[in-house]
Amino acid sequence: MAGGAVFSLLHVPLAWMIGAMFGTAALAWFQPVAVHAAARPASLIVIGLAFGQTFSGPVLTALLGAAPAILIAGLLSILAGIATIPIFTRLAGTDARTAYFATIPGGVIVMAVLAQREGAPLAPVTLAQTLRVLVVVLVMPPTLSAIAPHGDFSAFVAPRLAFDAWGLVAMLAIGLVAALVMRRTGIANPWMIGPCFLAITAAAFNQLPSAVPGWLIDAAQVGMGAGLGQKMTRDFLLSSRRLMRAALISSLLLCLFCTVFGAGLAWATGLPPSAVMLGMAPGGMPEMGVTAKALGVAVPLVLGFHLTRTLMCNFLLGPMYRGLVRLGLR
């Protein structure tokens, strides 16, 4: 919390998440740090509800109009990840199978599950994907603040809701139930997706009982940042230096590819550049959604990009890998 407060005073983008991450990582360097197991799920429920409230009937209609661009962006992001495989393989000394699941930006949990199904080693995939998220969280907010024009995203902005304490309590309780139900389906990231779909449905029919207040979103950022920071132990950072170097370089290259592709796609489609570039950023859906909210970018559009890419990775990467193996391109 103290780290988030300091970064907020310094006006750092995504201050509460990045500050909590650095503060927790600094403690973890010297001694083991254990963030309560419920912190990340609770944070994701709040973030999911906050994201879902930004959708309304007109916003959903606008998203349908942007669907072709969103699908193209998902494919380009996957291809950008594939393009970094040779570099990762050479720098990390791994085989192409490991690099395939370590470099494509499908989300830490999704890529770990897919790697396990195809018999790829789990540890390097998880490490590389985790480092990629950290790199993107640190690099993309200041980069987009500096270079990306916001553009006109009024079609993707829902009216502001009033805050009601009891309405918020009801939303949180029902959001927890939605997360638990979604968890039983086996889908990746149920703690965010369940409440988010619930809030989207309620917002589309103008039935949300309350807004999610900013202070609660900041607290959720702290929980997410602390969860990331606790992984940055001394052993974690020093035990796999070659793999970390490969993950760092390939992640920066992937950020460059996706930013350039995003700028081109925004120019071709007329969609707001900052939202498209953030939507194509190779970070996790919760982190990029929070970034969109912090930067004042169209949250529903950014989430549409990331949710579509997550689904595409879930359903396409396994068959794609097996197809490449059959073609002898492993």
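The values are calculated or read from the model by the stated rules, or taken from the named source; none is laboratory data. The structure presented is a predicted model; accordingly, all values stated were derived computationally and were not measured. FYI the Cβ positions are ideal-geometry reconstructions off the backbone, even for glycines, and counts take in every protein chain you see. Just so you know, the surface numbers come from the protein's heavy atoms only, side chains and all, with ligands and any DNA or RNA stripped out. Shrake-Rupley method; radii C 1.70, N 1.55, O 1.52, S 1.80 Å.
In the chain, with Lys and Arg counted as +1 and Asp and Glu as -1 at Cβ, which of these residues, S210, M285, G318, has the Cα nearest the positive end of the dipole, that is, farthest along it?
Projecting each Cα onto the dipole axis, the largest value belongs to G318.
Once both labels are modelled 7 Å past Cα along the beta-carbon direction, what's the W267-T61 spacing in nm?
3.2
Can you give the accessible area of R183 in Å² (nearest 10), computed on protein heavy atoms with a 1.4 Å probe?
The accessible area of R183 comes to roughly 140 Å².
Any chance you could look up the accessible area of M182 with a 1.4 Å probe, heavy atoms only, rounded to 10 Å²?
Here the residue's solvent-accessible area equals roughly 40 Å².
Any chance you could look up the accessible area of V113 with a 1.4 Å probe, heavy atoms only, rounded to 10 Å²?
60
For region 174-231, with every protein chain kept in place, what is the accessible area per residue (1.4 Å probe, Å²)?
Result: 46 Å² of accessible area for each residue.
Ratio to report: Rg/Rh of region 170-309, with Cα atoms as the point set and Rh obtained by the Kirkwood method; give two decimals.
Over the Cα atoms of region 170-309, Rg/Rh equals 1.01.
Consider just the alpha-carbon atoms of region 6-142 and return their Rg together with their Dmax, both in angstrom.
18.1, 51
Computing the accessible area with a 1.4 Å probe over protein heavy atoms, can you report the carbon and sulfur percentage for region 134-230? Mind dumping the intermediate values first?
Details: 3290 of 4910 Å².
The nonpolar share, carbon plus sulfur, comes to 67 percent.
Work out, in µm²/s and without decimals, the Stokes-Einstein translational diffusion coefficient of region 260-330 at 4 °C, 1.567 mPa s, Rh from Kirkwood over C-alpha pairs.
Translational D for this selection: 98 µm²/s.
Quick one: P(r) of region 161-237 from all Cα-Cα pairs, 10 Å bins, percents rounded to integers, in order of increasing distance.
17, 39, 30, 11, 3
Taking only DSSP H segments of four or more residues, each worth -39500 (n - 2.57), what value at 222 nm results for the chain once the sum is divided by all its residues, to the nearest 500 deg cm²/dmol?
Taking each H run of at least 4 residues, the total per residue is -24500 deg cm²/dmol.
Name the residue from A123, A219, A37 whose Cα lies farthest towards the positive end of the charge dipole of the chain, charges +1 on Cβ of Lys and Arg and -1 on Cβ of Asp and Glu.
A123
Using unit Cβ charges (K, R positive; D, E negative) and no other charged atoms, how large, in debye to the nearest 20, is the dipole of the chain about its Cα centre?
Result for the chain is approximately 920 debye, rounded to the nearest 20.
Throw me the Rg/Rh for region 98-257, computed over C-alpha atoms with Kirkwood Rh, two decimals.
Reported Rg/Rh (Cα atoms, Kirkwood Rh): 1.02.
Once the chain is represented by equal point scatterers at the alpha-carbon sites, with solvent omitted, what log10 I(q)/I(0) does the Debye formula produce at q = 0.08, 0.10, 0.15 Å⁻¹?
Ignoring solvent entirely, the Cα scatterers give -0.35, -0.55, -1.31.
How much accessible area per residue does region 269-330 have, in Å², with a 1.4 Å probe?
33
Can you compute the charge dipole magnitude of region 161-313 about its Cα centre, using +1 on each Lys and Arg Cβ and -1 on each Asp and Glu Cβ, nothing else charged? Give it in debye, rounded to the nearest 20.
Dipole size: approximately 580 debye.
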